[in-house]
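Following: one structure in structure tokens, then a few remarks.
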Amino acid sequence: MLPISFLDLEKEQVRYKTALELAFQTILRKTNYINGDEVRSFEKSLSEKFNTPFVLGCGNGTDAIYIALLALNLPKDAEIIVPSFTYAASAEPVLQAGLTPVFVDVDPRSYCIDISDLKSKITSKTKAIIVVHLFGQAVDLQSIPFIAKEHNLHLIEDNAQSLGSKVLVDDELKYTGTIGDIGTNSFFPSKNLGGFGDGGALFFRKEEHYQRAKMIASHGQSQKYIHDIVGINSRLDTLQAALLSVKLPYLDVVLQKRKENAQFYFEHLQHIDSIELPEVPHYSEHSFNQFTIRLKNNRRDVFQLYLNQKGIPSMVYYKIPLHHQKAFSGLKKVTLPRTEKLCEEVISIPVHPCLDQEQLYYIVDQISKFE
Ligand SMILES: *Cc1c(COP(=O)(O)O)cnc(C)c1O
């Protein structure tokens, strides 16, 4: 059996090791651990790379969503539309902010928010939509911004899993996270731009939202020791910013590798009837943070056992939809058939940028032999 890991952070480090150590030593020497210049320069690099005017670093991707919601200054009875097929962190901050999540179904091919279900769930209380670019797949943003505008809704893009993905808007491919009012990002180690601990960032189109978010993330301070509102403490560490600055220039190379691995799977797995491969729609450029397939006819769990026996790691994102989680049980009951079905059928196989040819061939070979 060939050793394969689901993620290979050790192998990935090799590319940057010397530069990371140098950056680490610099911060140790400068001791500017909180709010160092490196944070501002990393924010500036993100702003340039992703062509987005205002960027704010923060503690993690979950805080980013919480800060985004507070920055929009919504009324207390606001309903926030969010898909149920996602990580809990997409919806948790809605409740933390004292607002009401309204779960909607997803499209079974893209795994992203279903536009007709979204439309049907808009009420007079709806104030924002959180779309989630899931697994590196961009949400179709050709019509959602118009729907948002028509109903006077804010648009938040949870871009935690898809930094570097692109989506067609007005006949132009743009980076996900830069189209809505606010885009939220995570530098959790397994994400496209993985840090060395927790970290996150917000992208804003309007300076007004940026200014308010900045205040919220820093104890509601408008100036040092002047607290205008109740905020939180959520900062990107100087050390994380310095280390992430080393990795950012290589993001495209790393994502290219993910896309090549995915392409390999498309070529070698498309003939297998029992497996449905992820959709790659014409309107987007997938970054394959995950390669998530579907096993029909209740075969997912048997397939996972089989992979285990062959030494191929896999993960199920997500087994329980958010609307079935105890933490969200206080909300109005909904039935979301496509989400519920996906939770029974999906499984993610390794697609990380450090897989080699031998490992890829081994994986498709074993999967092809699954009966
Ligand atoms: C990882 C993730 C988050 C939260 O990011 P953290 O940095 O771990 O707080 C939010 N939404 C989605 C979809 C995620 O996958």
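Only the coordinates and a few stated rules stand behind these numbers; no lab work does. Bear in mind that the values here come from a model prediction, so they are computed numbers and not experimental data. Using ideal geometry, Cβ is built from the backbone for each residue, glycine included, and neighbour counts are taken over all protein chains shown.
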Quiz item: Which residue fluctuates the most in the chain, going by a Gaussian network model with Cα springs under 10 Å, if the choices are Gly61, Gly330, Gly231?
Solution: Gly330
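Among the GluC sites (Glu not before Pro) in segment 264-359, which ones are in a DSSP loop with at most 15 other Cβ atoms within 10 Å of the Cβ? Mind listing them? Kindly include the intermediate steps, with their values, before the conclusion.
Values: sites: Glu267, Glu276, Glu279, Glu285, Glu340, Glu344, Glu345, Glu358; in loops: Glu279.
Those satisfying the criteria are Glu279.
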Quiz item: Could the peptides 47-53, 159-165 be put in order, highest first, of the mean number of other beta-carbon atoms found within 10 Å of their residues?
Solution: 159-165, 47-53
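Let a ≥ b ≥ c be the square roots of the eigenvalues of the Cα gyration tensor of segment 150-243; is it rounded (a/c under 1.5), or, if not, prolate (a/b larger than b/c) or oblate? Before the final figure, lay out each step's value.
Values: a/c = 2.71, a/b = 1.22, b/c = 2.23.
Oblate shape, in that a/c is at least 1.5 and b/c is the bigger or equal ratio.
Relative contact order for segment 25-141 using alpha-carbon pairs under 8 Å, separation at least 6, rounded to a whole percent? Working shown, then result.
Working: 134 pairs, mean separation 25.3, N = 117.
Reported as a whole number, the value is 22 percent.
Highest mean first, what order results for 201-208, 101-108, 18-25 on Cβ atoms within 10 Å?
Numbers: 201-208: 21.0, 101-108: 22.6, 18-25: 13.9.
Going from most to least packed, we get 101-108, 201-208, 18-25.
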Quiz item: Over what distance in Å are the Cα centres of segment 10-81 and segment 294-355 separated?
Solution: 30 Å
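In what order do His282, His323, His133, His209 fall by count of nearby beta-carbon atoms within 10 Å, going from fewest to most?
His282, His209, His323, His133
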Quiz item: When every alpha-carbon pair in the chain is counted, what percent end up more than 37 Å apart?
Solution: 20 percent
Self-check item: Peptides 362-369, 85-92 ordered by average Cβ neighbours within 10 Å, highest first
Solution: 85-92, 362-369
Quiz item: Got the relative contact order for the chain handy, in percent, Cα pairs under 8 Å and 6 or more residues apart?
Solution: 22 percent
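Could you list, in their original order, any pairs among Lys257/Lys369; Lys247/Lys296; Lys149/Lys326; Lys125/Lys214; Lys127/Lys247; Lys49/Lys332 whose Cα atoms are separated by more than 30 Å? Before the final figure, lay out the partial values.
Details: Lys257/Lys369 26 Å; Lys247/Lys296 38 Å; Lys149/Lys326 33 Å; Lys125/Lys214 27 Å; Lys127/Lys247 36 Å; Lys49/Lys332 41 Å.
In this structure, Lys247/Lys296; Lys149/Lys326; Lys127/Lys247; Lys49/Lys332 lie more than 30 Å apart at Cα.
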Quiz item: Classify segment 52-157: rounded, prolate or oblate, from the alpha-carbon gyration tensor (a ≥ b ≥ c, eigenvalue square roots; a/c under 1.5 rounded; otherwise prolate if a/b is larger than b/c)?
Solution: rounded
